[in-house]
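Below: one structure, written as structure tokens.
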Amino acid sequence: MDAPRHRLLVVDDSNVIRRRIERANELPQIEFVGAARNGVEALEMHALLHPTLVTMDLTMPAMDGGECVAQLVQRDPELRILVISALADKLTAIDALEKGACGFLCKPFSDRQLNDAMRKLIGD
Amino acid sequence: MSLETEVGVFIDGVLNYFSTSVQQGALCGTPHLALSEKPELADYTGVIQVSGKRTGLVAFTAPKSMLSVMLMRMQETDMSHENLCDLVGEIANTLAGNARRDFGQQFQISVPAVLSSRASPVPYPDASRPIVIPIDWRNYHARLIVCLN
């Protein structure tokens, strides 16, 4: 069995979604290390936990996901970020990618879709 | 976009939500204008305010029993009031957010507000007539309320 090589931080204002992402992860290479409820918490958790992967919601209170992606990438250009959002228009996805996200998964998602997106994120 | 097309966008969103998130399809009944100014609410309601090119709100309202079963289908073990509120808000957010695929980026949505009483006031726009989309899932009945100027 592969030892975890990637450390995952989940950022979403929904507790149901945070727990779902943690539970749905089937990839042994990925270790869940923490969760944050908004962009401000995500920046704090990043400094504490040093994740290598982040899943990021966009519509959140305090600091939205787009701003948080930009700040995280500036701080850690190697960080791989998968945006997971209900905002389904193409311009939102393009904007997230331009800010430094590596992928975009639209809500709602199945466990299989999530794992496929995570596999792509880690280049497996 | 015609009213019929707009309603179709939300119906597609509802059908996709249930088949993807809980892997069990829902059926949508015939959409209709609210019979009274204020459509009846169920136990929990998630409300998304819409601004930008369109203004108004999108609300998803469902009974506690239905939300609890949906959480179970998601393998969630925490059926607390807080998690039921969280889920109903997340569903409303997802259905409103998915509509941007057709309405565009100028269809701006708020973070969800959650009401956990059938008597809670919903901030409908003045002089508006909400459209109600009935949703049947298993033996449960929910509604999507769309009220856009």
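The values are calculated or read from the model by the stated rules, or taken from the named source; none is laboratory data. None of these values were measured; they are calculated from a predicted model. We place every Cβ from the backbone using ideal geometry, glycine too, and count neighbours over all the protein chains shown.
Which ones in segment A:14-29 are within 10 Å of another protein chain (Cβ to nearest Cβ) and in a helix (DSSP H, G or I)? If you could, list the steps in order and put the result at the bottom.
Residues of segment A:14-29 that are within 10 Å of another protein chain (Cβ to nearest Cβ), as a first pass: A:14-20, A:23-24.
Across segment A:14-29, the qualifying residues are A:N15, A:V16, A:I17, A:R18, A:R19, A:R20, A:R23, A:A24.
Just the residues that are surrounded by fewer than 22 Cβ atoms within 10 Å (Cβ to Cβ) and within 14 Å of the chain's Cα centre (by Cα), please, taken from segment A:92-103.
Residues satisfying the conditions are A:A93, A:L97, A:K99, A:G100, A:C102, A:G103.
If B:T45 satisfies all but one of (1) closer than 25 Å to A:L105 by Cβ; (2) among the polar types (S, T, N, Q); (3) more than 9 Å from every other protein chain (Cβ to nearest Cβ); (4) under 15 Å from the mean Cα position of the chain (by Cα), what's the number of the condition it fails?
Exception for B:T45: condition (1).
I'd like the full set of residues that are modelled with pLDDT of 95 or more and surrounded by fewer than 16 Cβ atoms within 10 Å (Cβ to Cβ), limited to segment B:81-107.
Selection gives B:H81, B:E82.
Return yes when A:D89 is within 12 Å of another protein chain (Cβ to nearest Cβ), without any contact (Cβ under 8 Å) to a residue 60 or more places away in the chain and either buried (at least 18 other Cβ atoms within 10 Å of the Cβ) or in contact with a strand residue (DSSP E or B) (Cβ under 8 Å, 6 or more places away or on another chain) (or both) and no when it is not. Before you say what the answer is, go through the steps one by one.
Details: within 12 Å of another protein chain (Cβ to nearest Cβ): yes; without any contact (Cβ under 8 Å) to a residue 60 or more places away in the chain: yes; either buried (at least 18 other Cβ atoms within 10 Å of the Cβ) or in contact with a strand residue (DSSP E or B) (Cβ under 8 Å, 6 or more places away or on another chain) (or both): yes.
Judged against the criteria, A:D89 is a match.
Within segment B:60-80, is there a residue that is within 22 Å of A:D89 (Cα to Cα) and surrounded by 18 or more Cβ atoms within 10 Å (Cβ to Cβ)? Give the steps one after another, and end with the answer.
Here is the first cut: in segment B:60-80, the ones within 22 Å of A:D89 (Cα to Cα) are B:60.
Those left that are additionally surrounded by 18 or more Cβ atoms within 10 Å (Cβ to Cβ): B:60.
Looking through segment B:60-80, at least one residue is within 22 Å of A:D89 (Cα to Cα) and surrounded by 18 or more Cβ atoms within 10 Å (Cβ to Cβ).
Of the conditions (1) charged (D, E, K, R); (2) within 9 Å of chain A (Cβ to nearest Cβ); (3) within 23 Å of B:V132 (Cβ to Cβ), B:E82 clears all except one; give me its number.
Answer for B:E82: the failing condition is (3).
Could you pull out the residue among A:M45, A:M60, A:M118 that is away from chain B (no Cβ under 14 Å) and closer than 25 Å to B:V22 by Cβ? Step through it out loud before you land on a result.
Values: A:M45 fails: closer than 25 Å to B:V22 by Cβ; A:M60 fails: away from chain B (no Cβ under 14 Å).
Just one listed residue meets the conditions, A:M118.
When B:L33 is evaluated against the numbered criteria (1) touching a Lys or Arg at 6+ places or on another chain (Cβ under 7 Å); (2) under 19 Å from A:K107 (Cα atoms), which criterion, by number, is the only one it fails?
It fails just one condition, (2).
Filter segment B:85-108 down to residues that are under 18 Å from B:G8 (Cα atoms) and of a type outside the set (V, I, T), then give me how many there are. Can you show your working first?
The initial filter retains those residues of segment B:85-108 that are under 18 Å from B:G8 (Cα atoms), namely B:91-104, B:107.
From the residues that got through so far, the ones that are of a type outside the set (V, I, T) too are B:92-93, B:95-104, B:107.
Residues that pass the stated criteria total 13.
Looking at segment B:101-142, which of the residues that are more than 10 Å from chain A (Cβ to nearest Cβ) and of a type in the set (F, W, Y) is nearest to B:T55 (Cα to Cα)? Give the steps one after another, and end with the answer.
Initial filter on segment B:101-142 (more than 10 Å from chain A (Cβ to nearest Cβ)): B:113-142.
From the residues that got through so far, the ones that are of a type in the set (F, W, Y) too are B:124, B:137, B:140.
Details: B:Y124: 10, B:W137: 29, B:Y140: 30 Å.
For segment B:101-142, the residue satisfying everything is B:Y124.
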